[in-house]
Amino acid sequence: MKRLSIVLTLSVLAFSCGPKTAKVNDLAVSNPIATALDLTEVKDDKVPVIINPGRFTQETVTYRLPRIVQGTYSVSDFGKYIDDFKAIDYDGNELQVEKVDTNTWTISDATKLDKVMYYVNDTYDIEKTGGIGGDVPFSPAGTNIEPDNYVLNLHGFIGYFDSLKSNQYSLDVTAPADFERTSALEKTKETTSKDGQSKTTSYFAPRYFDITDNPMMYGKLDVEEFMVGDIKIVLSVYSPNKVHSAASLKETMYKMMEAQKAYLGDINSTARYDIYLYLSEGKEDSPKGMGALEHHTSTVVVLPENSPAESLKKSMTDVVAHEFFHIVTPLSVHSEDVHYFDYAQPTFSKHLWMYEGVTEYFAQHFQVYKGLVTPEEFYNTVMGKIKTSQRMDDTMSFTVMSENVLDAPYSNNYYNVYQKGALIGMCIDILMREGSDGNRSMLSLMKELSNKYGVTKPFNDDSIVSEISAMTYPSVAEFLTTNVEGTTPIDYNAILNRVGLKFGTGEVPTSYVQNGKGFIFGADQAKGEIYFSEGVTENSFWNEQGVQPKDVIKEVNGEAMTLQNAQTVLQKVFQWQPGQEVEVKLTRNGEEVVIKTELTQAYTTSETIMEVEDATDAQIALRDAWLKG
């Protein structure tokens, strides 16, 4: 009965709009593709979609949903979430449709095609791993359909016809009148229903890319708008339990983006930037892939709702800073693979070290450059990336990995684009400053490339390294050939020595679940218990609280600790920040031990980066140019 109601409702929607007979001036190649989503007609957690392409002159046409979307470097298969796909002729009859593969439908007698209609399931409530491992799209690339919130990554709702890839699109989104609605797509009009219960917002997209590149968020949102220079920032937050708000994050985002804009100078190229933050409750049907997906002028972020306020602000600073810097690359500097992206069978650029690595480097470097963090904090971040990168294949050619990122063993090393890729950016930055007496940098190089290419002109993937080499210095050319294209691990000690830094052992900040070597917990499978391991002796906070190895953790802030929920509980502990009040109950030799205190910063002894005591004036000057400008 429910399925029948779906079909009937969708049929009413389809047949109540649009012409019943073809018009002379409605050729598909000459008109925008008219699309419609109706959030007031959701049935069984599915949104109805209507696609009216105009009149075709060929007998067979192919319609697709993306297999892969830009920025994800993994297969998403959005066609998996399409139900009841139908092609309707001008008389209201169904045309023959063949489902060719997961994401592709071929429609016969296409000269009679009036419109396509189908239902879209969301991805959030069926996630198992948040897109890690390929069960569903990465959460920030996914979709959400629930009464109070809609995450509309439009590539999950709207597809394209093979023969109309360059067509314009019009989009109508109908939603309850009391919904907040945010999107950077150009809004053309808004109408209210006669009963005042719903509103339809109309948008325009110059081509399909702009559909995929402009996500939306609808629902009971918290929205703040503010200006950073001449850029309008729109921050949309959905916190199911109202734990966090846009207002509570506004100052952090303003301070961060003001520093970013100052860091970028005249390279920024957008009048508006949207941040969509979905805070996950951590339930079985909640999204599990924490992080963000960049778009040219926006980003979708998914983070835990149970994050402490300061922890959320730190995560937002790191994550959104990275995504915002994508306006440099790949927006302004990109290859043909990016510019002419094929959503069904894409080829990948060799230069993820640039798109993701340099972007991540900027996201960390600007914080020390603009005084948001201390040099020591920046050194610790760099050290963390060095350690993480060296746990992956450090001899794998970065360009070969990038070009083959979907395939093993390269796919297993994708995470290294944010680790070694960022370090590649750091090394080039130091070499550029050294070669120019501090006058040129990684950022100035990207500005030069942006001036040469820009948004509308892609570079040639095979020749860009040679171009950069010719534009810079022999040291940069050798580094790119040996350490990026080649298989030789980077000699970080040699690079850091140029700025008067070295590796050494010292006291460094750590979390409340780690020491300098790893996690500080063990598990007794037989008893179903989690306990502190010997490693706890190397964590200053727990030492100060008198915790001993083999102390069993019974309760954390009122929540019982078991083998089954250990990952969830320890994730919360990982997010603890100094200043919070905590209560932990332990058992030691059968007796209860209660720790009730205010958190102080935890430290451990580990290999770190430190300044050379007898650094030369030239090394110090280069370091100052690197860290302070």
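The values are calculated or read from the model by the stated rules, or taken from the named source; none is laboratory data. All values derive from a computational prediction rather than experimental measurement. A quick note on method: Cβ atoms are made from the backbone with ideal geometry, for glycine too, and the neighbour counts reach across all protein chains shown. Calculation scope for accessible area: heavy atoms of the full protein, side chains included, ligands and nucleic acids excluded. Shrake-Rupley method; radii C 1.70, N 1.55, O 1.52, S 1.80 Å.
Among the numbered conditions (1) open to solvent by 60 Å² or more (accessible area, probe 1.4 Å); (2) more than 30 Å from residue 327 (Cβ to Cβ); (3) part of a loop (DSSP other than H, G, I, E, B); (4) not hydrophobic (A, V, I, L, M, F, W, C), the only one that residue 493 does not meet is (3). Selection of region 434-453 for residues being touching a helix residue (DSSP H, G or I) at 6+ places or on another chain (Cβ under 9 Å) and part of a loop (DSSP other than H, G, I, E, B) yields 436, 437, 438, 439, 440, 441. When region 515-534 is filtered for residues that are touching a strand residue (DSSP E or B) at 6+ places or on another chain (Cβ under 7 Å) and either among the acidic types (Asp, Glu) or not in a loop (DSSP other than H, G, I, E, B) (or both), the ones remaining, listed by number, are 521, 522, 523, 524, 529, 530, 531, 532.
At pLDDT 95 or above and closer than 30 Å to residue 63 by Cβ: which single residue out of 209, 226, 179 fits that description? If you could, list the steps in order and put the result at the bottom.
On the way: 209 fails: at pLDDT 95 or above; 226 fails: closer than 30 Å to residue 63 by Cβ.
Within the list 209, 226, 179, the selection yields 179.
Only a single criterion out of (1) within 21 Å of the chain's Cα centre (by Cα); (2) in a helix (DSSP H, G or I) is not satisfied by residue 248, namely (1). Checking each residue in region 405-433 for being touching a residue at least 12 places away in the same chain (Cβ under 8 Å), over 21 Å from residue 335 (Cβ atoms), open to solvent by 50 Å² or more (accessible area, probe 1.4 Å) and not in a helix (DSSP H, G or I) picks out only 409.
Within region 454-469, the residues that satisfy the criterion of being open to solvent by 70 Å² or more (accessible area, probe 1.4 Å) and part of a loop (DSSP other than H, G, I, E, B) are 455, 456, 457, 462. Looking only at region 315-327, decide whether some residue is among the polar types (S, T, N, Q) and assigned to a helix (DSSP H, G or I). Yes, the conditions are met somewhere in region 315-327.
Residues checked against (1) touching a strand residue (DSSP E or B) at 6+ places or on another chain (Cβ under 7 Å); (2) touching a residue at least 24 places away in the same chain (Cβ under 8 Å); (3) aliphatic (A, V, I, L, M):
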position: 545; (1), (2), (3): yes, yes, no
position: 548; (1), (2), (3): yes, yes, no
position: 566; (1), (2), (3): yes, yes, yes
position: 573; (1), (2), (3): yes, yes, yes
position: 606; (1), (2), (3): yes, yes, no
position: 617; (1), (2), (3): no, no, no
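A quick yes/no check of all residues on (1) in contact with a Phe, Trp or Tyr (Cβ under 7 Å, 6 or more places away or on another chain); (2) within 21 Å of residue 319 (Cα to Cα); (3) part of a helix (DSSP H, G or I):
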site: 338; (1), (2), (3): no, no, yes
site: 345; (1), (2), (3): no, no, no
site: 356; (1), (2), (3): yes, yes, yes
site: 360; (1), (2), (3): yes, yes, yes
site: 379; (1), (2), (3): no, yes, yes
site: 384; (1), (2), (3): no, yes, yes
site: 389; (1), (2), (3): no, yes, yes
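Can you go through 540, 606 and tell me which one is modelled with pLDDT under 95, within 30 Å of residue 388 (Cβ to Cβ) and surrounded by 15 or more Cβ atoms within 10 Å (Cβ to Cβ)?
Working: 540 fails: modelled with pLDDT under 95.
Result of the check over 540, 606: 606.
Every listed requirement among (1) modelled with pLDDT of 95 or more; (2) of a type in the set (S, T, N, Q); (3) outside any helix (DSSP H, G or I); (4) open to solvent by 10 Å² or more (accessible area, probe 1.4 Å) is met by residue 269 save one, (1). Consider region 182-234 and keep the residues that are touching a residue at least 24 places away in the same chain (Cβ under 8 Å) and among the small types (Gly, Ala, Ser). The one that is surrounded by the fewest Cβ atoms within 10 Å (Cβ to Cβ) is 229. In region 567-585, the residue that is least open to solvent (accessible area, probe 1.4 Å) out of those that are part of a helix (DSSP H, G or I) and within 19 Å of residue 548 (Cβ to Cβ) is 573. Just one of the listed residues (142, 131, 156) is at pLDDT below 95, under 25 Å from residue 304 (Cα atoms) and open to solvent by less than 40 Å² (accessible area, probe 1.4 Å), namely 131.
Mind listing whichever residues of region 470-481 are open to solvent by 30 Å² or more (accessible area, probe 1.4 Å) and among the hydrophobic types (A, V, I, L, M, F, W, C)? Explain how you work it out, then say what you get.
The initial filter retains those residues of region 470-481 that are open to solvent by 30 Å² or more (accessible area, probe 1.4 Å), namely 470-471, 473-475, 478, 481.
470, 471, listed by residue number.
Working carefully through the options 283, 350, 288, find the one that is in a loop (DSSP other than H, G, I, E, B), closer than 30 Å to residue 578 by Cα and in contact with an Asp or Glu (Cβ under 7 Å, 6 or more places away or on another chain). Walk me through how you get there before you give the answer.
Working: 283 fails: in contact with an Asp or Glu (Cβ under 7 Å, 6 or more places away or on another chain); 350 fails: closer than 30 Å to residue 578 by Cα.
Sole residue among the options that is in a loop (DSSP other than H, G, I, E, B), closer than 30 Å to residue 578 by Cα and in contact with an Asp or Glu (Cβ under 7 Å, 6 or more places away or on another chain): 288.
On the stretch given as region 550-562, residues that are at pLDDT 95 or above and open to solvent by less than 40 Å² (accessible area, probe 1.4 Å) total 4.
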